[in-house]
Amino acid sequence: MSHVLGLMMQEERQSQLVAEAERFAEEKIGPRAREFDEAEVLADDLIQEMATRGYLTANLPREYGGLGLDPVHYGLFQQAIGKADCATRTLITVHSALCGESLLRWGNEEQKELWLPRMAKGETLAAFALSEPNVGTDAKSVETRYRKVGDTYVLNGNKKWISFGDKADLFVVIAGNDQGQKGQISAFLVQRDFPGVTTKPLKGMLAGRATHIAMIEFNNVEVPAANLIGKEGGGFTYVVSTALDHGRYSIAWAGVSIAQEAVEQMVSYARERKQFGKRLVEFQLIKGLIADATTETHAARALCLKAGEMRMNKAQDAVIETTMAKYFASKVAMKVATDCVQVHGGNGCFSDYPAERLFREAKMLEIIEGTSQIQQEIISGFALRKYNKACKR
Ligand SMILES: Cc1cc2nc3c(=O)[nH]c(=O)nc-3n(C[C@H](O)[C@H](O)[C@H](O)COP(=O)(O)OP(=O)(O)OC[C@H]3O[C@@H](n4cnc5c(N)ncnc54)[C@H](O)[C@@H]3O)c2cc1C
């Protein structure tokens, strides 16, 4: 078979997988989104069904049980899942984009062979534990500590806001060396059943209510040396950077998915609802909101697709393009979801309508995987370097 034919078949297979995921999301996930949000639980039967289809690790290679989707198709896949339900998309983001990609890139062969197939089958769910009560944006200052004792690392500390922290069996934990060696941040695979690990669910969240967010405490937890990911001291530069880059790509598409769903809800409501004897769509000011929301959503998707293509081609600026996609798409999601609530009037403030949940979930995207402010710092740093041309007068 020629190389070109092989590529065409691969492209067709991937598009087919995305189309199947779209149908699955519409039929099996979307109708349950409200139930998950209200119960604050993501149903096990859905997780298992997604595992059977390979969805839990759609981005990972087929040799480890994944679907082997390339970045563009993985983005479109995440768009489909996220459009149906943000919590379900979050599971895939933390499990496969943050933890799976970190393991794939920095784990050794034994770690990959042990964990990735289990993660694909849903036998193991993974969560990424970086943030802490006193440490968020300034993630290099993690206070969780490890000490090497013989063949083990002993961990002590607390993690906060960990999505699926109350459900996962395996945590990728970021901790600093307790001998005070500056910059010695390392990443460990910590199993929930290791003695000294306890989790506490965090209730009362604005968004991500069905994502089993938890605090995790590590109290003299003995982690075998074999569970160190990559090199000691490489936890931030390598593991966290990889995880956040993949996480941001996933969140960028999450922004598009919320914005797209909000546009559709806005349009269908405006076509039905009547005031002053006319449908809302007949008012120019409402049409203006719909036009802006549609344009912004298309622009966000175009930026995500561009970032996806650059990732596929391993382009030099793929990471910064991904950062811009995350920053822009999360802003668009918030703006479009706000306008969606506006078009719904009072009904937009009520959980009977998806607009209310979309609005809450959109806000979260501007905070997770690096807040909008820190993305602005990164993007402005890039612009100041790249576009520093002589001033024309
Ligand atoms: C729903 C949800 C799910 C999450 N899931 C996970 C998870 O799975 N794993 C995990 O490890 N973490 C998770 N987090 C934590 C998340 O990553 C942090 O909330 C985020 O990094 C921000 O940190 P912070 O909340 O401590 O805010 P802070 O860092 O305290 O920031 C507060 C404000 O100050 C601004 N700010 C901070 N530094 C600067 C600066 N240098 N310049 C300008 N402005 C600045 C921020 O932009 C923000 O507006 C989750 C959070 C939420 C809400």
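The values are calculated or read from the model by the stated rules, or taken from the named source; none is laboratory data. What you see is a predicted model; the values in this text were computed from it and never measured. When we count neighbours, we look across all protein chains shown, and the Cβ atoms used for this are built from the backbone with ideal geometry, even at glycine. In case anyone asks, the SASA skips ligands and DNA or RNA and just uses the protein heavy atoms, side chains included. Shrake-Rupley method; radii C 1.70, N 1.55, O 1.52, S 1.80 Å.
Among the helices (runs of 4 or more DSSP H) lying completely within the range 296-388, list those that include at least 3 residues that are more than 18 Å from Leu76 (Cα to Cα), more than 16 Å from the ligand (Cβ to nearest atom) and not basic (Lys, Arg). Show your work before the answer.
Numbers: elements: 318-344, 354-365, 372-386.
In the range 296-388, the matching helices (runs of 4 or more DSSP H) lie at 318-344, 354-365.
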Residues (on the phi < 0 side of the Ramachandran plot and among the small types (Gly, Ala, Ser)) located in the range 67-107: Gly75, Ala80, Gly82, Ala84, Ala87, Ser96, Ala97, Gly100, Ser102, Gly107
Meets criteria (open to solvent by less than 30 Å² (accessible area, probe 1.4 Å) and touching a residue at least 24 places away in the same chain (Cβ under 8 Å)) for Ile368: no
Single condition Met9 does not satisfy, out of (1) aliphatic (A, V, I, L, M); (2) open to solvent by less than 90 Å² (accessible area, probe 1.4 Å); (3) assigned to a helix (DSSP H, G or I): (2)
Members of the range 98-109 found to be touching a Ser or Thr at 6+ places or on another chain (Cβ under 8 Å) and either under 21 Å from Ala259 (Cα atoms) or open to solvent by 10 Å² or more (accessible area, probe 1.4 Å) (or both), listed by number: Glu101, Arg105, Trp106
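Taking the criterion of being in a helix (DSSP H, G or I), within 21 Å of Gln79 (Cα to Cα) and hydroxyl-bearing (Ser, Thr, Tyr), would at least one residue in the range 268-288 satisfy it? I'd like the intermediate steps shown before the answer.
In the first step, residues of the range 268-288 are kept if they are in a helix (DSSP H, G or I); the result is 268-272, 280-282, 284-288.
Now narrow it down to the ones that are within 21 Å of Gln79 (Cα to Cα): 268.
If we keep only those that are hydroxyl-bearing (Ser, Thr, Tyr) as well, we get 268.
Yes, that holds for at least one residue.
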Residue count, the range 114-166 (criterion: closer than 29 Å to Leu60 by Cα, within 16 Å of the ligand (Cβ to nearest atom) and either modelled with pLDDT under 95 or in a helix (DSSP H, G or I) (or both)): 3
Residue in the range 80-88 that is at pLDDT 95 or above, over 23 Å from Ala318 (Cβ atoms), open to solvent by less than 10 Å² (accessible area, probe 1.4 Å) and among the aliphatic types (A, V, I, L, M) present: yes
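Only one of Ala299, Ala270 is within 25 Å of Ala84 (Cβ to Cβ) and open to solvent by less than 40 Å² (accessible area, probe 1.4 Å). Can you tell me which? Lay out the reasoning, then the answer.
On the way: Ala299 fails: open to solvent by less than 40 Å² (accessible area, probe 1.4 Å).
Residue meeting the stated conditions: Ala270.
Any residue in the range 285-293 that is of a type in the set (Lys, Arg), open to solvent by 50 Å² or more (accessible area, probe 1.4 Å), without any contact (Cβ under 8 Å) to a residue 24 or more places away in the chain and more than 15 Å from the ligand (Cβ to nearest atom)?
Kept after step one, since they are of a type in the set (Lys, Arg), are these residues of the range 285-293: 287.
Going one step further and asking which of them are open to solvent by 50 Å² or more (accessible area, probe 1.4 Å), we end up with 287.
Okay, now just the ones that are also without any contact (Cβ under 8 Å) to a residue 24 or more places away in the chain, so 287.
Checking the rest, the ones that are also more than 15 Å from the ligand (Cβ to nearest atom) come to 287.
Yes, there is a match, as at least one residue in the range 285-293 is of a type in the set (Lys, Arg), open to solvent by 50 Å² or more (accessible area, probe 1.4 Å), without any contact (Cβ under 8 Å) to a residue 24 or more places away in the chain and more than 15 Å from the ligand (Cβ to nearest atom).
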Residues satisfying the stated conditions in the range 311-343, i.e. open to solvent by 30 Å² or more (accessible area, probe 1.4 Å) and over 18 Å from the mean Cα position of the chain (by Cα): Met312, Asn313, Lys314, Ala315, Gln316, Asp317, Lys335, Thr338, Gln342
